[in-house]
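Below is one structure, written out as structure tokens; comments come after it.
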Amino acid sequence: MTNQGVGTRTGSPASGPADGQAPSRRSVLDRLVQPAYLYPPYKSTVLRGPKHPLVPLPHNLSDLTGPVYGESDVTQFDSDLTRNAVNGGEPLGERIIVTGRVLDERGRPVRSALIEVWQANSAGRYVHKGDQHDAPLDPNFLGAGRCLTNDEGRYTFTTIRPGAYPWRNHANAWRPPHIHLSVFGRAFHSRLVTQMYFPGDPLLAFDPIYQSIPDDAARQRLISHYDHDVTTPEWALGYRFDIVLGGGLETPFEEGH
Ligand SMILES: [Fe+2]
């Protein structure tokens with residue numbers, strides 16, 4: 001791990017080869033927790049999965065010290081997805097608070113990490129030209145936000161519970177409601193990306209992306225917990241989702257982006 005403990009799967013010796021099997025240098029733990037690059041039920045991995053073992057690239061000084069973003073660019077309003085759309089109105093749907101801590105492999109907080117989130121609206125539609133799902137866009141919801149972790153490694157977002165959406169991976173394929181999260185350390189190559197799901201969702205059993213994580217306990221770590229202490233009276237339900245960057249409780253991450 002580098003840069004405040006935020007690492008990357010891209011070009012890492014821990015990456016898997018094209019056949020989805022683990023090379024000798026991939027740890028047993030990593031094979032259980034992290035999805036293989038090639039998982040045929042998740043069809044697009046067949047096209048984009050690497051055909052040869054990955055080649056680790058050495059990091060140079062500019063990789064480690066080059067600017068990523070300015071902390072002053074991130075405002076408190078960026079973390080409220082119910083307020084950061086240009087139209088200024090209230091988005092439709094169930095308002096929720098999502099909060100958690102970013103922790104390293106020893107359970108220590110990762111401070112000043114940039115957390116970015118993106119998600120569908122309450123009807124299951126993204127603000128993206130590639131999303132032609134027959135569901136309404138919400139003019140008051142962009143579906144994107146960001147914040148920096150505080151000294152406890154904590155992030156907090158206010159948003160709308162996303163809807164499920166169809167994705168044509170197979171017959172009657174629906175993604176379970178989820179929020180995409182990206183974690184940056186102090187360098188661009190330190191990015192990690194994952195998805196947060198909601199407890200009790202029957203679609204999880206049918207979702208090849210969720211099911212591509214080999215170990216059930218690791219899969220469970222992608223499901224947020226309802227937290228009544230986070231729930232705010234007369235305002236929003238609260239969910240807790242911690243991100244652990246290594247060790248026995250490591251969060252499953254997606255392939256390098
Ligand atoms: Fe998505």
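The numbers here are math on the coordinates, done by the rules we state, and not lab data. From a predicted model like this one, the values you see are computed outputs, not experimental measurements. Virtual Cβ from ideal backbone geometry, glycine too; neighbours counted across all protein chains shown.
Suppose R0 equals 41 Å. What FRET efficiency, 1/(1 + (r/R0)^6) with r the Cβ-Cβ distance, do GLU94 and ASP63 give to the nearest 0.05? So the FRET efficiency works out to roughly 0.50.
Does the chain come out rounded, prolate or oblate by the C-alpha gyration tensor, with a ≥ b ≥ c the root eigenvalues, rounded set by a/c under 1.5 and, if not, prolate when a/b is larger than b/c and oblate if not? Oblate is the answer for the chain, as a/c is 1.5 or above yet b/c matches or exceeds a/b. Here the chain is assigned +1 on the Cβ of each Lys and Arg and -1 on the Cβ of each Asp and Glu. Its dipole about the Cα centre then comes out at about 700 debye.
Counting only DSSP beta bridges whose two residues both lie in region 28-244, roughly 80 percent are antiparallel. In terms of the mean number of neighbouring beta-carbon atoms within 10 Å, the peptides 40-53, 235-248 order highest first as 235-248, 40-53.
Computed from backbone phi with θ = phi - 60° and the Karplus coefficients 6.51, -1.76 and 1.60, the 3J(HN,Hα) list for region 140-151 is 9, 9, 8, x, 9, x, 7, 6, 9, 5, 8, 5 Hz; x is used for glycine and proline. Summing Lys, Arg as +1 and Asp, Glu as -1, what charge do residues with Cβ under 9 Å from the Cβ of THR99 carry, THR99 excluded? Counting the neighbours of THR99, the net charge comes to +2. Structure remark: mean-square fluctuation, Gaussian network model of the chain, C-alpha springs under 10 Å; the largest value among LEU204, LEU137, LEU61 belongs to LEU61. Each residue of region 157-167 was assigned a 3J(HN,Hα) from its phi angle through the Karplus expression (A = 6.51, B = -1.76, C = 1.60, θ = phi - 60°), giving 10, 10, 8, 10, 4, x, x, 6, 9, x, 9 Hz with x at Gly and Pro. This model, with +1 at the C-beta of Lys and Arg and -1 at the C-beta of Asp and Glu, gives region 132-194 a dipole about its Cα centre of some 180 debye.
Helical runs (DSSP H, four residues minimum) scored at -39500 (n - 2.57) apiece and divided by the length of the chain put the mean residue ellipticity at 222 nm at -2000 deg cm²/dmol.
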